Amino acid sequence: LQGHDIFYNKSSHLQAYPKWQLVVALMWIGTYGSGASTVRVEGTLILGQGAVTLYTNRVINAILPKRDKWLAWPDA
């Protein structure tokens, strides 16, 4: 994921490292119930409003083109 263009911009505002964006996305995806709110995850990780959704969208968009290579249903 690290080399994907979605994690880099030409702006003066730096993005979080791709590995941290992945951690945030996995934390949100792996949370259930009332703990699944983006506000709660943002509060736990001390992130700005909207960061969880933004990071998760970036991670998903970086994974989707690789899905045939990286994602497979296990054989019995």
Check LEU1 against each of (1) surrounded by fewer than 15 Cβ atoms within 10 Å (Cβ to Cβ); (2) touching a helix residue (DSSP H, G or I) at 6+ places or on another chain (Cβ under 6 Å); (3) of a type outside the set (Lys, Arg) and name the one condition it does not meet.
(1)
Wholly inside the chain, helices (runs of 4 or more DSSP H) that include 2 or more residues that are out of contact with any His (no Cβ under 9 Å at 6 or more places or on another chain) and either at pLDDT 90 or above or among the β-branched types (Val, Ile, Thr) (or both) are 18-29, 38-45, 51-63
When the residues of the stretch 26-69 are narrowed to those that are touching a helix residue (DSSP H, G or I) at 6+ places or on another chain (Cβ under 9 Å) and of a type in the set (Lys, Arg), which ends up nearest to ALA16 (Cα to Cα)?
ARG58
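Tally up the residues in the stretch 4-21 that are of a type in the set (A, V, I, L, M, F, W, C), exposed (fewer than 15 other Cβ atoms within 10 Å of the Cβ) and within 14 Å of the chain's Cα centre (by Cα), please. Even if it seems obvious, please write down each step before you answer.
Here is the first cut: in the stretch 4-21, the ones of a type in the set (A, V, I, L, M, F, W, C) are 6-7, 14, 16, 20.
Of the ones still in play, those that are also exposed (fewer than 15 other Cβ atoms within 10 Å of the Cβ) are 14, 20.
Remaining after also requiring within 14 Å of the chain's Cα centre (by Cα): 20.
Qualifying residue count, the stretch 4-21: 1.
The values are calculated or read from the model by the stated rules, or taken from the named source; none is laboratory data. If you're wondering where the values come from, they're calculated on a predicted model, not measured in any experiment. Reconstructed Cβ throughout: ideal geometry from the backbone, glycine too, with neighbour counts over all protein chains shown.
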